[in-house]
Every structure is written in C-alpha cells, then in structure tokens.
Amino acid sequence: MTNKNFPVQVEVEATISDADGAASWLSSERKRLLDILARNGAALLRGLPLSNALDFDACVVALELENFTYAESLSNAVRVNKTKRVFTANEAPPEVEIFLHHEMAQTPTYPSKLLFFCEHSSDSGGSTPLCQSDLLLKQLADRMPQLIDELENKGVKYTNVMPASADLDSGQGRSWQNTLGSDSKTSAETRLRDLNYTWEWLQDENLKVTTPVLPAIRRLDDGRKVFFNQLIAAYQGWKDSRNQDSKKIQFGDGSDISEESMDDVCEIAEKITYDHFWQKGDLLLVDNFLVMHGRRPFFGTRKVLASLSL
Ligand code: FE2
C-alpha cells in the first residue's frame, strides 16, 4: 500500500517558455516546493521547457540549496560532472540495477536533498524506484520487530572493495584514489584513519574498507523515524567482480544480519515502492532522509542527471 499523493505532482506554470523562465518560476516557488519536499518526500515537476545540463543547472541554482559536491563525497558510484552542480547519476551499464538506498547512507556524510533531471528517457525500463522510508520502517517494525530493535540498538557496518582504477562495469566502481581524494596508499590510509574506517589492501591494489558503526534507523527533527541506511542496496546490489563473496553488511557489533531477514526486508520494501517512469524534461526533487531511490535496468539511451544538496 503506497501513499496516493506520492510523489506530489506539482503543476507548473504553462506560460513558461524557456529555461530562464523556469528558473525564475522555481525561485518564486522555492518555499512551497521545499515545504512539499519536507512533508511528502518527493515532488515531480513535469512540463518545464528544460533540455540539457545547463538548463538543469540554472534550476538547481534558482532553488538556492547548498551544494554537496561529488568530489568531496565518499560515494561508491562513478559519475561525470557536466557542470559544477550537475553530474550523471551513475555510469553503471544499463543491465545493472541500482537497488533502493538513501544516498550515501553507507558513509558518515550524506546529502539531504537530491535533484534529478531527465535529459533523455530510455527506450524501455530505467524507471527510478522510490520508497517512503518512514512507511517502510513502520511495516518492518510491525512484521520484524526483533530485527528493527537490533538495528536500532547495534547500528550497522558496511564493507566494500574499491578498485585501483575506475570500474565502469560496476555501480560501485569508483576508485579508492578518487573516493578518498588520495594519490598514494599513505594518504589514503591517513584519510581512512581520520574517518574511523578499517582497511585491508588486496591483490591488484584493490582496497577493502569497513566503515565505523553507522546508525541504521534515524529519528528526524519532526519526530518521524526512517530506515536510513544502505542495507538493501548493499545486500542486493554490491556484487561486482571485487565484491562477490565478502560480507558486505553486519550489525555494528560484528554479528551477522541473516539473509532470511534481508530477503524479507527487500520484499516488503518492493511492495510499497513506486516507480517513476521518466519523460524528457522531468524534474524530480527527493528528500534523502524520507525517501529511498534506485535505478531499474533499461534499454536504449537514458540520460538522467543529478545534483545533491547539503
Ligand atoms: Fe543514489
């Protein structure tokens, strides 16, 4: 059962004729849009005359949200910046599914808002699944109270193996040099130590890292609790050539999260997930604390750009 008013479809001004007009309209609607986002978690704006990365950039700037830069983030995804504020959502091949996640919830720093823009829609597939995290947590707490208690009390740790150079076949293919902003093993280790990560150097200069204990459930300022973590994406999706067999998720005390319980979590989440099918020009705003997102596999050319804000 999903909320019928999700995402909220915001009616756009029909007389807007170009990207500058769209940007000024967004600027005048800023407060209303941010209120919708904070309340409902996602807002779709369809019908604005936007066609490329520069148009999208102008809209992002108009919303006056503080930039969260990809370069400084610990994101695992390979992305290509198109402008200072705008980048490709994920360079992973079309057949690779990106499973539900809160952006960068597997790292100590994450954006609060995500902006997506469709420059070109795929021939088929390629929708963006959106899952309301507060709704999911309620259902999980009803059906799997012990798991939720454990997650809340123990937190969670993530382990992944980063390549020595970008792996474009993977959804988690960003190199350790790029991820950590390091050009040597020594400086990478310094950064990891500062972040309280543990690490191990593997064959081919690949780097296996484990995060410190991170919360798996968060209470937001308005009192709502959310399933704010990367468990589903890590469990279902971190399966590239380097991450086949190793334990990717564990409770904060090092104990196992069972496959059975993760299978149930994934199934319950899928049942309440809404798929957004893109049309060229769509602008989608997502609150990263309230809503999880992903990417379905697709055929054809799909160009969805993203921008993150603090
Ligand atoms: Fe993402």
Quick check on my filter: what residues within the range 103-115 are surrounded by fewer than 24 Cβ atoms within 10 Å (Cβ to Cβ) and in contact with a helix residue (DSSP H, G or I) (Cβ under 9 Å, 6 or more places away or on another chain)?
Lys113, Leu115
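Quick grid of which residues meet (1) closer than 29 Å to Asp57 by Cβ; (2) not polar (S, T, N, Q):
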{"site": "Gln230", "(1), (2)": "yes, no"}
{"site": "Ala233", "(1), (2)": "yes, yes"}
{"site": "Asp240", "(1), (2)": "no, yes"}
{"site": "Phe251", "(1), (2)": "no, yes"}
{"site": "Glu259", "(1), (2)": "no, yes"}
{"site": "Ile268", "(1), (2)": "no, yes"}
{"site": "Ile272", "(1), (2)": "no, yes"}
{"site": "Trp278", "(1), (2)": "yes, yes"}
{"site": "Asn288", "(1), (2)": "yes, no"}
Among the residues of the range 86-98, which ones are more than 10 Å from the ligand (Cβ to nearest atom) and closer than 19 Å to Leu285 by Cα?
Val86, Phe87, Thr88
Could you list, in sequence order, the residues of the range 112-133 that are touching a Ser or Thr at 6+ places or on another chain (Cβ under 6 Å) and either within 21 Å of Lys239 (Cβ to Cβ) or within 13 Å of the ligand (Cβ to nearest atom) (or both)?
Lys113, Leu115, Pro129, Cys131
Just need a number here: residues in the range 126-182 that are in a helix (DSSP H, G or I), within 19 Å of the chain's Cα centre (by Cα), under 25 Å from Tyr274 (Cα atoms) and among the aliphatic types (A, V, I, L, M).
3
Gly252 in the same structural domain as Leu115 (by TED's automatic domain parsing) and touching a Pro at 6+ places or on another chain (Cβ under 9 Å):
no
Among all residue pairs at least 6 apart or on different chains, which show Cβ distances below 9 Å where the first residue, located in the range 7-28, is closer than 18 Å to Asn52 by Cβ and modelled with pLDDT of 95 or more and the second is polar (S, T, N, Q) and loosely packed, with under 11 Cβ neighbours inside 10 Å?
Gly21/Thr15
So is Thr198 among the hydroxyl-bearing types (Ser, Thr, Tyr), farther than 23 Å from Gln236 by Cβ and not assigned by TED's automatic domain parsing to the domain that holds Pro49 or not?
yes
Find all pairs meeting these conditions: Cβ atoms under 8 angstrom apart; at least six residues apart or on different chains; first residue within the range 284-302 and within 11 Å of the ligand (Cβ to nearest atom); second residue part of a loop (DSSP other than H, G, I, E, B) and aromatic (Phe, Trp, Tyr).
Asn288/Tyr110; Met292/Phe227
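Results for (1) at negative phi; (2) buried (at least 18 other Cβ atoms within 10 Å of the Cβ); (3) among the hydrophobic types (A, V, I, L, M, F, W, C); (4) without any contact (Cβ under 8 Å) to a residue 60 or more places away in the chain, shown as yes or no for each residue.
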position: Asn243; (1), (2), (3), (4): yes, yes, no, no
position: Ser258; (1), (2), (3), (4): yes, no, no, yes
position: Tyr274; (1), (2), (3), (4): yes, no, no, no
position: Gln279; (1), (2), (3), (4): yes, no, no, no
position: Leu305; (1), (2), (3), (4): yes, yes, yes, no
Can you name the condition, by its number, that Asp55 falls short on among (1) under 13 Å from Leu305 (Cβ atoms); (2) among the charged types (D, E, K, R); (3) within 16 Å of the ligand (Cβ to nearest atom)?
(3)
Going by the conditions given, is Lys138 outside the structural domain of Ser73 (by TED's automatic domain parsing), more than 16 Å from the ligand (Cβ to nearest atom), touching a Ser or Thr at 6+ places or on another chain (Cβ under 8 Å) and modelled with pLDDT of 95 or more?
no
Does Thr83 count as over 23 Å from Phe227 (Cβ atoms), within 16 Å of the ligand (Cβ to nearest atom) and not hydrophobic (A, V, I, L, M, F, W, C)?
no
If you go through Ala71, Ala42, Ala105, the only one that is within 16 Å of the ligand (Cβ to nearest atom), among the small types (Gly, Ala, Ser) and out of contact with any Asp or Glu (no Cβ under 8 Å at 6 or more places or on another chain) is Ala105
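The values are calculated or read from the model by the stated rules, or taken from the named source; none is laboratory data. This one's a predicted model, so the numbers in the text were calculated from it and none came from an experiment. Every residue, glycine as well, gets a Cβ built from its backbone with ideal geometry; the counts of neighbours run over all protein chains shown.
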